[in-house]
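A short write-up of the structure that comes next.
Since every read-out is calculated from the coordinates, none of them should be taken as a lab result. Note that the structure is predicted; figures quoted are calculated from it, not measured. Backbone-built Cβ (ideal geometry, glycine too); neighbour counts: all protein chains shown.
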Amino acid sequence: MSERIERMWPKTRVRRRTFALLGAAGMLLVARRMRLFPDQWPGITLGRDHLWLVRFPEPWRMNVALDAKSGLPSDPNLELRKASNPGSELIIGARGPRPPDRSSENYWTIDSKGAVKAASADEWSRAESLPQHRSQLRHSVTSQPVTQAGSESYFHGGIFSGSGASVDFSSPSPDEKWIALLTFTADDAPHPETGGLFSGGQPQPGWYYVDILEVATRRRIATYRQHGERGELGDDGWYWAGSHYFVLPFPGRSEALIAHLP
């Protein structure tokens with residue numbers, strides 16, 4: 001009897017370990033489906049292959065060689081460059097308002113999967129500068145005008161619909177292959193006396209949507225959404241870096257949304 005128990009005991013332990021591992025894996029799967037653990041890129045509802053939610057590991061540091069007494073603002077202008085070192089796609093730095101032109105002394109690389117790591121000043125200096133194309137709200141950076149009505153934008157004779165109820169801005173890429181839309185849907189109906197910017201004297205909460213659409217097919221290829229207050233996004237911090245990258249910094253947060261397009 002004792003020999004039989006000894007022969008069975010290792011098998012019993014193996015079974016217990018197997019059941020424990022399977023149980024842990026099942027609990028992890030259920031937890032992820034129930035959103036008990038935060039998603040790597042929350043808010044990206046479409047086109048994870050085209051959007052990065054970039055979180056900078058530490059605050060921007062000013063280049064003290066330029067001005068030791070004046071630092072970068074809390075929301076500096078981000079600058080994207082095309083990385084030259086293998087394994088990285090972009091390098092991001094920051095600049096203060098002009099004048100004076102104050103630059104950061106820390107830089108971050110982004111690989112093809114959106115992973116962020118520290119970069120050196122040498123990597124930054126060797127990276128290829130990308131032209132920045134900015135525009136004011138509701139104006140195009142291209143020769144073709146963009147007009148907007150409600151939740152739709154009209155460009156090149158086509159109608160482009162965002163995910164939200166009203167358009168805050170539409171911006172075609174410089175090569176006019178893509179168009180970025182920022183739209184907003186309020187949680188409640190707009191206050192009749194304020195035109196929808198405020199409700200009862202308070203900032204109007206709701207959902208922001210950033211959509212990237214292909215101009216030729218009018219197909220939506222990527223969507224990001226976040227809850228916030230009307231006016232929280234949509235300032236002049238967003239821009240196109242070349243024709244393949246759309247950048248939207250998040251005010252007051254060490255984060256930015258970057259669309260990377262073919």
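Points worth noting:
- Packing order of peptides 119-126, 174-181, 107-114, highest average first: 174-181, 107-114, 119-126 (average count of other Cβ atoms within 10 Å over each peptide's residues).
- Calculated FRET value between K117 and I159, using beta carbons and R₀ = 51 Å, to 0.05: 0.80
- Computed label-point distance, nm, for sites R95 and S125 using a 7 Å Cα→Cβ extension: 1.8
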